[in-house]
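Q: Handing you a structure now.
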2 protein chains.
Amino acid sequence: MERVFDLDLVLAEVRRALEAGQVEEAVRVLSDQRPADMVDVFSELEEDEQVDLLPRLETEDSADVLEYLDDLEAADLAGELSDTDLARIVDEMEPDEAADLLGDLGPARSRAILAKLEDPDEISPLLIYHDKTAGGRMTSDLLALRRRMTVADALDAVRIGAPVSSAETLYFLYVVDRDNRLVGVTCLYDLLRADGQALVGDVMSPDVIFVEPDRDQEEVARLMTRYGLLSVPVVTPDRVLLGVITHDDMVDVMEQEATEDIQKLGATQPLDRNYLDTSVVTVARKRVGWLLLLFLTETLTGSVLRHYETELAAVVSLSFFIPLLIGTGGNAGSQTTSTIIRALALGEINLGDAWPVLWHELRVGLMLGLVMGAVGFARALMWHTPFTVAQAVSLALLSIVVWANVVGSLLPLLASKLRVDPAIVSGPFMSTLVDATGLLIYLQVAKMILGI
Amino acid sequence: MERVFDLDLVLAEVRRALEAGQVEEAVRVLSDQRPADMVDVFSELEEDEQVDLLPRLETEDSADVLEYLDDLEAADLAGELSDTDLARIVDEMEPDEAADLLGDLGPARSRAILAKLEDPDEISPLLIYHDKTAGGRMTSDLLALRRRMTVADALDAVRIGAPVSSAETLYFLYVVDRDNRLVGVTCLYDLLRADGQALVGDVMSPDVIFVEPDRDQEEVARLMTRYGLLSVPVVTPDRVLLGVITHDDMVDVMEQEATEDIQKLGATQPLDRNYLDTSVVTVARKRVGWLLLLFLTETLTGSVLRHYETELAAVVSLSFFIPLLIGTGGNAGSQTTSTIIRALALGEINLGDAWPVLWHELRVGLMLGLVMGAVGFARALMWHTPFTVAQAVSLALLSIVVWANVVGSLLPLLASKLRVDPAIVSGPFMSTLVDATGLLIYLQVAKMILGI
């Protein structure tokens, strides 16, 4: 079928079965769905129903549930299961997902579960890597070929297969020497087309792109995108093959990082789980820090205004333009910042491009500033504003837009230079900074033109 | 090697060769690089060098250049080539990329090139679909299996292969009936493990996810992510197989859409090419419309302020808090909007969730509003603001934050209901709206409390 998003019927069926006490019927309906759909329906159930149902699903389905759920939800749910049930399910999970889950369960529980696993050695080495690195993302469940194997033997190895959890790890096949050091890469398709008696070492390409386990996940995703890789091997500094990162991980990372950038631009700490499943208190907590910090920075505007109290009292009409001017400055700055941040994230520009970027934005700012200055002048006159005030507004608009473009392009570059995430500092922080400095520009220009 | 981003040496080598007139040496150095790296170096060359060099590269490398470059750059470059050279290169490109390029060249040139192609039928059917749909993204270059083939024959078909441009289209193998209707899917790995004498129809899975050619590319990418697909087939309403969309297209779409969302949140129309390659005039043109529209909306704040002119003249200290209050409202609104937009984009919430979302944000707003109201009160007193003004500021802060959360959550949902892209309306438009309404709240509250 084309698309399976109307899962409400499935949910209703599962609920009906559960209410009638027909747990087996509920299990059957769920296991008929594709994994992503099954987990969607499952996550709509009440928490006690979930805890009740999870150990009764096929082990493979239970493993899918814990893999597809958001990390924190999966950990909550796993916390409610018995050690025996959980160990059985974890055994079926992909090693990298299993390691993530165990990491979220805390050391005591994690040790208890590891002790009960069939094959703890597949998972425990993964526990030492940070979640958001290549090591934390890789799976150790892979089939490596030997250089001196024949192609026919290699194809047999694929055919007999270890009990591989995912056929995806078989698309690219990595070749190692006798010390398990990575020496090349081939793919099923090339093996199939090669002479069966040829050696893998002659068929493989020795030019293989790899990463070390402490590499940041975002860089790994970028590398895979850049070179069109479906998987990338993870090796020690001595090139000993540790594991492989597959394309589904890359897609996860890309979504996660874009979400974080967008949320940071909105000045909120990234939520770690599904929006509606995040409690109101957590959402508020993720936002309050930034809101307070920006509030305190924004009080600078009050200091600027108090400094010009006499001028504002003398010409009240000056204050009518305050929100307009700083709003326009903020908008121009946001336009610049969002463009620069994305160009940085995509690697279109880097720190060495600071001067060209500044020069680019300075000219863009000048053009936009001239337009806004002219429009602002006309608008002010339409309000029957005194001619000199209109002049001040117009000149201030020009200066503020140019200034906002400069600040908006420099802040992300500066943040990136200081190794702070540019998305954090430069979105709302930029507009707050432009508010205060924009006011200063406006009132100083007004003071000079009006001679007050 | 681990990573190949220091391409400056390669670029220097190519430049040196070109300056010494050793074009063949330049070609050799370039063709030693991985495609993505080669194109990076190539795009650093001067335009006349590029035009000169492109037809002299290996045809395969020239095709890579036109595929990897941004669409508009590729079209510019192709515009400079002779019909014969361009046709030779287009013949080597992936059909979907070739169709995009021809689409960008205009009908006359496009017809001229098509007439010279070896296999125009691979490309011309793709020209009718819009770039950003499944039809525009698919490649027609694929190997479909027949249901009644044996597995051994199927493997032979893969082995002999048509001259497939990309081994990726071979990972998932689609199965059709005699009318070329899609009936199932299998993969190389399953074929390898199956008995050679079994029929493909018995090995395949009939449960195949497909899309029609007019489906939006973003939905296709979401479908592929959701179900972990490396490729998805495109079929007519009668299920006749037209082509296949591969995972590299999905990754492109994901990046493109995230970039567009981020740029729209910053109130700028998406740039269609690499930032530094976009001319200053184009960047300014992409921004000026929004900047003007927001400016005109923002003049509402002036009208509100003029309405309260008497009150502002009577108590000048009221105006000190204007940027602070509307800034905080804007920040609270952005926090909400960015969260909601991303949740919508990821499908975590949909239109039916309007009430739960509103209820969520109302409570978050109340919590944040109470905190900000208290902090604002203290800050105002520290400035020796009259007690009643501090009271007004505090109450206004509470109301404005709650209001901003409501507007910030409703606007993206409303936009999405009206089938307007939520990222466009709700970023800067939200903060402009909150500016004007926030002022109204503040000054009305102040008027009541101060009795002016």
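Just so it is clear, none of the values below were taken in a lab; they were calculated from the coordinates. Every value quoted in this text rests on a predicted model; they were computed, and no experiment measured them. Positions of Cβ are generated from backbone atoms using ideal geometry, with glycine treated the same way; all protein chains shown enter the neighbour counts.
Q: Sorted from shortest, what are the nm distances separating the label point of B:ARG111 from equivalent points in the other copies, each placed 7 Å from Cα along Cα to C-beta?
A: The projected label point of B:ARG111 is separated from its counterparts by 7.9 nm.
Q: Once the label point is set 7 Å along the Cα-to-beta-carbon vector, what list of distances in nm do you get between B:ASN180 and its counterparts in the other copies?
A: Values, ascending and in nm: 5.1.
Q: As I understand it, the dipole of the protein assembly as shown uses +1 on the Cβ of Lys and Arg and -1 on the Cβ of Asp and Glu, about the Cα centre. Which of B:VAL316, B:VAL375, B:TYR174 lies farthest toward its positive end?
A: B:VAL316
Q: About its Cα centre, what dipole magnitude does the protein assembly as shown give when the only charges are +1 on Lys and Arg Cβ and -1 on Asp and Glu Cβ, stated in debye to the nearest 20? Walk me through the numbers before you get to the answer.
A: On the way: 70 positive and 146 negative charges, 962 e Å.
For this selection, approximately 4620 debye.
Q: Give me the inter-chain shielding for A:225-238: mean count of other chain Cβ atoms within 10 Å, whole number please. Let's see the in-between values first.
A: Details: counts 6, 9, 6, 10, 1, 5, 0, 0, 0, 0, 1, 0, 0, 0.
Shielding by partners across A:225-238 averages 3.
Q: Which value, to two decimals, describes the C-alpha radius of gyration of chain B once divided by 2.2 N^0.38 Å? Write out the running numbers ahead of the final one.
A: Details: Rg = 29.5 Å, N = 452, 2.2 N^0.38 = 22.5 Å.
Chain B yields a ratio of 1.31.
Q: Sort B:HIS130, B:HIS247 so the one with the fewest other Cβ atoms within 10 Å of its own Cβ comes first. Each step should come with its number before you reach the end.
A: Details: B:HIS130 14, B:HIS247 23.
So the residues, fewest neighbours to most, are B:HIS130, B:HIS247.
Q: Still on this structure, please answer the following. Normalise the Cα radius of gyration of the stretch B:275-450 by 2.2 N^0.38 Å (N = residues in it) and let me know the number.
A: Numbers: Rg = 18.0 Å, N = 176, 2.2 N^0.38 = 15.7 Å.
In units of the 2.2 N^0.38 Å rule of thumb, it is 1.15.
Q: Oh, and also: Return the FRET efficiency for the residue pair B:GLN197, A:ASP70: r is the Cβ-Cβ distance, R0 is 45 Å, and the value is rounded to the nearest 0.05.
A: On the way: r = 46 Å, r/R0 = 1.02.
Calculated value: 0.45.
Q: Turning to a different aspect of this structure: Which lysines have a Cα lying under 29 Å from the Cα of B:LYS264, excluding residues fewer than 8 positions away in the same chain?
A: Within the straight-line cut-off, B:LYS264 pairs with A:LYS132, A:LYS264, A:LYS286, A:LYS417, B:LYS132, B:LYS286, B:LYS417.
Q: Shape of the stretch A:107-158 from its Cα gyration tensor (a ≥ b ≥ c, root eigenvalues): rounded if a/c is under 1.5, otherwise prolate when a/b > b/c, or oblate? It would help to have the intermediate numbers written out before the result.
A: Values: a/c = 4.59, a/b = 2.06, b/c = 2.23.
Oblate.
Q: Order of A:409-417, B:80-88, A:65-73, B:304-312 by packing, highest average Cβ count within 10 Å first? Don't jump to the answer; show the numbers that get you there.
A: Numbers: A:409-417: 21.1, B:80-88: 16.0, A:65-73: 19.6, B:304-312: 17.8.
Result, highest mean Cβ count within 10 Å first: A:409-417, A:65-73, B:304-312, B:80-88.
Q: Here's another thing I want to ask about it. Would you mind ranking A:VAL280, A:VAL288 by Cβ crowding within 10 Å, fewest neighbours first? Spell out each step's value before the answer.
A: Values: A:VAL280 16, A:VAL288 19.
In increasing order of surrounding Cβ atoms, one gets A:VAL280, A:VAL288.
Q: Right, another one. Of B:PHE320, B:PHE210, how do they rank once you tally other Cβ atoms within 10 Å and put the fewest first?
A: Working: B:PHE320 24, B:PHE210 21.
Arranged by neighbour count, lowest to highest, B:PHE320, B:PHE210 become B:PHE210, B:PHE320.
Q: Over the residues of the stretch A:8-128, compute the C-alpha Rg and express it relative to 2.2 N^0.38 Å. Write down the numbers at each step before the final one.
A: Values: Rg = 14.3 Å, N = 121, 2.2 N^0.38 = 13.6 Å.
Working it through for the stretch A:8-128, the quotient is 1.05.
Q: Then there is this: Taking the Cα atoms of the protein assembly as shown alone, what are Rg (to one decimal) and Dmax (as a whole number) in Å?
A: 30.4, 96
Q: A further question follows. For B:LEU366, place a label point 7 Å from Cα along the Cα-to-Cβ direction in every copy; what are the distances to the other copies, in nm, shortest first?
A: Copy-to-copy label distances for B:LEU366: 5.4 nm.
Q: Helix A:387-417 versus the longest principal axis of chain A: what is the Cα-based angle in degrees, 0 to 90, to the nearest 10?
A: 30 degrees
Q: Continuing with the same structure: Taking the 0 to 90 degree range and rounding to the nearest ten, how far is the long axis of helix A:322-345 tilted relative to the main principal axis of chain A, both from C-alpha atoms?
A: 30 degrees
Q: When the dipole is taken about the Cα centre of the stretch B:144-254, and only Lys, Arg (+1) and Asp, Glu (-1) are charged at their Cβ, what size is it in debye, to the nearest 20? Walk me through the intermediate numbers first.
A: On the way: 11 positive and 18 negative charges, 78 e Å.
Using Cβ point charges on Lys, Arg, Asp and Glu, the stretch B:144-254 gives about 380 debye.
Q: For helix A:83-92, report the angle its Cα long axis makes with the longest principal axis of the Cα atoms of chain A; keep it between 0 and 90° and round to the nearest 10°.
A: Its long axis makes an angle of about 90 degrees.
Q: Let me know the Kirkwood hydrodynamic radius for the stretch A:144-253, please, with Cα pairs as the basis and the value in Å to one decimal. Display every interim value, and only then the final one.
A: Numbers: mean 1/r = 0.0700 Å⁻¹.
Taking the inverse mean of 1/r over all distinct Cα pairs, the stretch A:144-253 comes out at 14.3 Å.
Q: Sticking with this one: With n ≥ 4 as the cut-off for DSSP H runs, can you work out [θ] at 222 nm for chain A, using -39500 (n - 2.57) per run divided by the number of residues, rounded to the nearest 500? Display every interim value, and only then the final one.
A: Details: 22 runs with 287 residues, N = 452.
Rounded to the nearest 500, the figure is -20000 deg cm²/dmol.
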